[in-house]
Amino acid sequence: MKLGAAFVFVLLLLMASSLARAEVISYPRVPGDAANLDYPSVKVNGTAIDTCSTAMNVGYAHCAFPDKAEIEITTREPIKTFDISPHRAGVVAKAVGNKLVFTLAKPVHLHISVNQLPRFFLFTEEPESSVPKVGEDGVFELTALGVRSSPEEVQTKQLQRAIDEVSARKGTLLIPPGIYRTGELQLKSHLTLYLAPGAVLKGTGKIADHPRSDLGTQLLLLQDCEDVHIQGRGVIDGQGRQLRLSGENSSNSRSKLLRSMRARNITVEGVILRDAGTWGVHLIESEDLRFTNVKLISNTRHDDPTFPWEMNTDGFDPDNSSRVLIERCFISSNDDSIAVKLRYGTRRDCSSIVFRNNICWTVKSALKIGSEVYEKKLSDVTFENNDVIRADRGIVVYAYDGATVEKAVWRGNHYEFIGGDTKRMLMEIKLNEDDGKGQLRDLLIQNETFESEAETPSKLQGLDATHQLENVTFDNLVIAGKKRLSAAEARIEISRHVGEVRFK
C-alpha cells in the first residue's frame, strides 16, 4: 500500500508538471523577423520560445504563463558576466557554460545583459483573459474584409477601408497572424483593434506613405475620436530607422508611432510598439488615456552606433493632456522614457498624469517634466514604483517656457545606473527663461533609491526673485545604500533663487 501511494504521488507530480508546461504560450515571431543568433534558444518550463532579432540590434522573446516558471536561456558564447534587471525583481540566476538558468515566481519583463552581446529582453506575462474570436458578435476578421497578409504589398487604402467599416459598426477588427504593410492609418471612434500573436502592422519605410500635416507624420493617428482600444499580443512596427535613412533625417522622416489629437477614452494594452522614427507615443490635447503592459522598443545610439543621426526616440510624451495612466510598460528608448509637456495643441491647464510600475532604459532622462511647458498650469504628475535600469538623469524638471508646474511626486522609484551620456546626474530640477518665466513649486521626492552615486552633482535652480523653485521635500532619499539627510550628503547643488528645501 505504501509503495502504491508513493507511485500515485509521483504520478500526480508528473501530471502537474506536464500541465504546467502545457500552460506556457510561446508567442511566435512575426513574419519577416529572423531568429536571434546571440540568444538562439529560450525555454520556459521546457517549452521552446521563439527569439527575435530587430533592426535596432536588440533581441527579445515573448511568452505567457500563469505563475511560476523555470527559464533557460542559451547564448552563442560562454557566459562570463551577466546582469538581469530589474534588480528589484530579485532574480537569482546561474550561468553554466553558455546557459543562463533561473526561476520566476510570476511573469515579469526582464532586461538581460550577457558579456558584450547586444541587449536582450524577455517579455513574460499572464495569458490573455479575453480574446476576440471570429463568429462572435461584432468581431470582424481583416481577411474577410479583403486584406491579406503580404510581405511586400502596401495595403494602406484597404486597411483604412476596413478600419472605417468596423468603426461604423462599433466593432472589433481582428488582425490575424501575418504581415500587413501600411502607411499612415487613422483610427476612428468606437473601434477595437486587436492584433493577434504573430500579427504585425508594419510601416513601409517610405516618406511618400506618411503625408505630413501640421502635426507632423505618424503611423497611427487618433484624431477627434473617442472610445478606441488597441489590444493583443501582436506588433506595430514603424520602420523608423529605414524611414529616417530614406529621408536623410528630414522632418517628414521623423515619424511617430502613435499620436493622439483631441482623443478621449483611449486604451492600449499588451502590444509591442517598435522602431519609431522619433517619439514613440505622443498624446496631444487628449483625455482619459490608459496604456497597460505595452512593450515599446526604439532605436538607440547605444545599440546602433552606425546610425548617422542622434535619435529623439522618446517613449511617452503626454502633451497638453489630462487623466493619463501609463502602467506596467517596458520602455527602451534613446531619448526620454517619459516627458510630460505643454507644447502642442490648445494651451490649457493639464493635470493627473500617472506613470507607475514601468521598466525604463534610456540614454537620456528617465522620469521627466519638460522641457517644453508653455503658458498654462501643469499639476498632479506622479511617477511611482518604476524601475530605471539606465538613464543619464533620473529625476528631471525643465520648466523653461512660462508655465506653472506644481504638485509633482516621485515616489518609490528605483534607479540602477545613472550616467553614460552628457550630464550624468541623479537629479536636475530647474527654471529657465526660454520663452517666458514660469513657476515651479511643491515637489515631493519620497522613498527614492539610487544604487550608486553619479559623476556630476544634482542641481536645484530657480530663475529670479519672483520666479523661484519653492517647497521641495526629500523624504527617505537613499543613494548607494545610505539615507541622505541634507543637500550636502546627497551632493545636490542648490543654486540661485531656491526656496525651502526639506530633508526627512
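Overview of results
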{"read-out": "Residue list for segment 329-355, restricted to those being in a loop (DSSP other than H, G, I, E, B) and either in contact with a strand residue (DSSP E or B) (Cβ under 9 Å, 6 or more places away or on another chain) or within 28 Å of residue 419 (Cβ to Cβ) (or both)", "value": "329, 334, 335, 336, 337, 343, 344, 345, 347, 348, 349"}
{"read-out": "Odd one out for residue 464 among (1) farther than 19 Å from residue 393 by Cβ; (2) touching a Leu at 6+ places or on another chain (Cβ under 8 Å)", "value": "(2)"}
{"read-out": "Criterion (under 22 Å from residue 341 (Cβ atoms), under 25 Å from the mean Cα position of the chain (by Cα) and not polar (S, T, N, Q)) met by exactly one of 431, 444", "value": "444"}
{"read-out": "Residue match in segment 295-306 (condition: touching a helix residue (DSSP H, G or I) at 6+ places or on another chain (Cβ under 6 Å), in contact (Cβ under 8 Å) with a residue 12 or more places away in the chain, closer than 24 Å to residue 57 by Cβ and crowded, with 21+ Cβ neighbours inside 10 Å)", "value": "yes"}
{"read-out": "Boolean, residue 134 is within 20 Å of residue 25 (Cβ to Cβ), of a type in the set (A, V, I, L, M) and loosely packed, with under 14 Cβ neighbours inside 10 Å", "value": "yes"}
{"read-out": "Members of segment 55-111 found to be of a type in the set (D, E, K, R) and out of contact with any Ser or Thr (no Cβ under 8 Å at 6 or more places or on another chain), listed by number", "value": "67, 76, 77, 80, 88, 94, 106"}
{"read-out": "Conditions (1) over 21 Å from residue 343 (Cα atoms); (2) modelled with pLDDT of 95 or more: number failed by residue 211", "value": "(2)"}
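Residues checked against (1) of a type outside the set (S, T, N, Q); (2) over 21 Å from residue 287 (Cβ atoms); (3) surrounded by fewer than 24 Cβ atoms within 10 Å (Cβ to Cβ); (4) assigned by TED's automatic domain parsing to the domain that holds residue 298:
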position	(1), (2), (3), (4)
314	yes, no, no, yes
336	yes, yes, no, yes
341	yes, no, no, yes
346	no, no, yes, yes
371	no, yes, yes, yes
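The values are calculated or read from the model by the stated rules, or taken from the named source; none is laboratory data. Predicted model only: the values in this text are computed from it and were never measured. For neighbour counting, all protein chains shown are included, and Cβ atoms are generated from backbone atoms with ideal geometry for every residue, glycine included.
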